[in-house]
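Contents: one structure, followed by commentary.
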Amino acid sequence: MKRRNFIKNTGIAGAGLSATPSLFSKTILNELNMTQQYPVAVATWNFQNATKMAGKMLENGKSALDSVEKGVMVEEANLKNTTVGNGGAPDRDGNVTVDACIMSPDGDAGAVVYLKEIEHPVSVARKVMEETPHVMLAGEGALQFAIQQGFQKKNLLTEDSEKAWKEWLEHKEYKPIINIENHDTIGMLCLDKKGDIAAACTTSGLSYKINGRVGDSPLIGAGLFLDNEVGGAVGTGMGEAIMKSVGSFLIVELMRNGMSPQEACKEAVMRTIRTAPNYKDFQVAYVALNKQGEIGSYCIHKGFSYAKFHKGESTDNLSASYLNE
Ligand code: SD4
């Protein structure tokens with residue numbers, strides 16, 4: 001069954017405080033005994049195995065940064081996920097190229113783009129953040145750096161992905177428009193026991209993209225952003241639309257100014273559709289998490305859902321509110 005056929009819209013996601021984060025320092029939250037709102041792990045799509053991995057680590061007292069990295073690595077290694085890491089669909093010329101980024105609670109960030117033959121680009125992104133003075137490495141240089149850091153090369157083009165690509169080549173209708181169902185990038189936000197937020201996003205990008213194309217997912221501010229004073233956001237869908245509105249940065253700024261994660265995600269989607277008359281042809285979806293553990297999500301088209309791990313409980317298929325049936 002197609003995902004959009006069985007996902008029901010259930011309205012506003014998450015429950016919790018509606019006050020601005022700035023009004024709730026950690027101390028006040030403690031006094032109000034509201035620290036039970038975290039730890040929380042939340043991710044785009046139904047990546048329950050990933051949120052479980054991160055959520056359990058968080059419950060065990062691991063940092064948001066370690067948990068978010070290990071969480072998204074589950075999908076990077078999942079051969080059935082044809083939009084992330086190993087098993088990812090190639091570009092139109094048959095190259096699997098992956099993009100990823102990670103942000104730590106202290107505002108540091110690392111990213112890799114157009115990286116080939118590395119199963120866990122998020123871990124290379126973390127090395128860029130921790131071992132270099134830079135934020136982003138691309139292509140050959142990123143691969144060279146990964147190898148220097150001890151990563152092993154691996155062929156990421158699986159038999160199934162190659163077969164699907166060859167079938168696509170037969171009709172080769174190149175439309176750089178994302179189908180509503182054919183994307184499964186993982187963006188994840190983790191809020192640890194100390195109340196710190198970290199975020200990661202990893203993808204092989206649009207299937208059969210033009211060789212060299214990079215989307216929103218590895219771009220700080222577009223596919224992902226966080227401010228540990230406020231909260232974080234991640235995006236999935238048509239990267240070009242997310243890049244043009246710097247969607248995740250926008251959401252965090254809107255939350256800073258008082259919006260709930262839900263309101264902020266909706267406003268970011270509305271900004272995109274105001275400037276994109278063809279918005280019915282593509283999907284954009286966001287998930288946001290604030291410092292109180294409140295989650296929001298909104299998308300253009302019905303059919304986007306997310307997964308979370310909270311208070312020892314893992315839930316997936318949480319439907320985002322949407323604009324369009
Ligand atoms: C991209 N945003 O490269 C990604 C695609 C995506 O699930 O979300 N795929 O544009």
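Here, each number is a calculation from the coordinates, and none is a lab measurement. These numbers were taken from a predicted model, which means no experiment stands behind them. Here the Cβ positions follow ideal geometry from the backbone for every residue, glycine too, while neighbour counts run over all protein chains shown.
Summed over qualifying helices (DSSP H, 4 residues or more, each -39500 (n - 2.57)) and divided by its residue number, the chain shows a 222 nm mean residue ellipticity of -9000 deg cm²/dmol.
In order along region 258-267, the phi-based Karplus estimate (6.51 cos²θ - 1.76 cosθ + 1.60, θ = phi - 60°) of 3J(HN,Hα) comes to x, 6, 6, x, 5, 4, 5, 4, 5, 4 Hz; Gly and Pro are listed as x. Computed from backbone phi with θ = phi - 60° and the Karplus coefficients 6.51, -1.76 and 1.60, the 3J(HN,Hα) list for region 84-91 is 9, x, 5, x, x, 5, x, 7 Hz; x is used for glycine and proline. Loop-located GluC sites (Glu not before Pro) in region 229-316 (DSSP state other than H, G, I, E, B) with a sparse environment of at most 16 neighbouring Cβ atoms within 10 Å: Glu229.
In this label model, Gln149 and Glu131 are separated by 0.6 nm, measuring between points 7 Å along each Cα→Cβ vector. Listed values for region 236-245 are Karplus-derived 3J(HN,Hα) couplings in whole Hz (6.51 cos²θ - 1.76 cosθ + 1.60, θ = phi - 60°), namely 8, x, 5, x, 4, 5, 5, 5, 5, 9, and x replaces Gly and Pro. Compared with the dominant principal axis of the Cα atoms in the chain, helix 139-148 is inclined by about 70°. For the chain, set up a GNM with springs between Cα atoms under 10 Å and report which of Arg274, Arg213, Arg256 has the largest fluctuation. Among Arg274, Arg213, Arg256, the largest GNM mean-square fluctuation belongs to Arg274. Taking Tyr298, Tyr208, Tyr286 as the candidate residues, the one with maximal mean-square fluctuation in a Gaussian network model of the chain, Cα springs under 10 Å, is Tyr208. By the rule of a C-alpha distance below 13 Å, with chain neighbours fewer than 8 residues away ignored, the aspartates and glutamates paired with Lys291 are Asp192, Asp196, Asp227, Glu229. Near the amide H of Phe47, within less than 5 Å, lie the amide hydrogens of Ala307, all on another chain or at least 5 residues away, with H placed in the peptide plane.
For region 38-322, what class follows from the C-alpha gyration tensor (a ≥ b ≥ c being the square roots of its eigenvalues): rounded when a/c is under 1.5, otherwise prolate if a/b is larger than b/c, else oblate? Present the calculation step by step, with values, prior to reporting the outcome.
Values: a/c = 1.56, a/b = 1.18, b/c = 1.33.
The shape class here is oblate.
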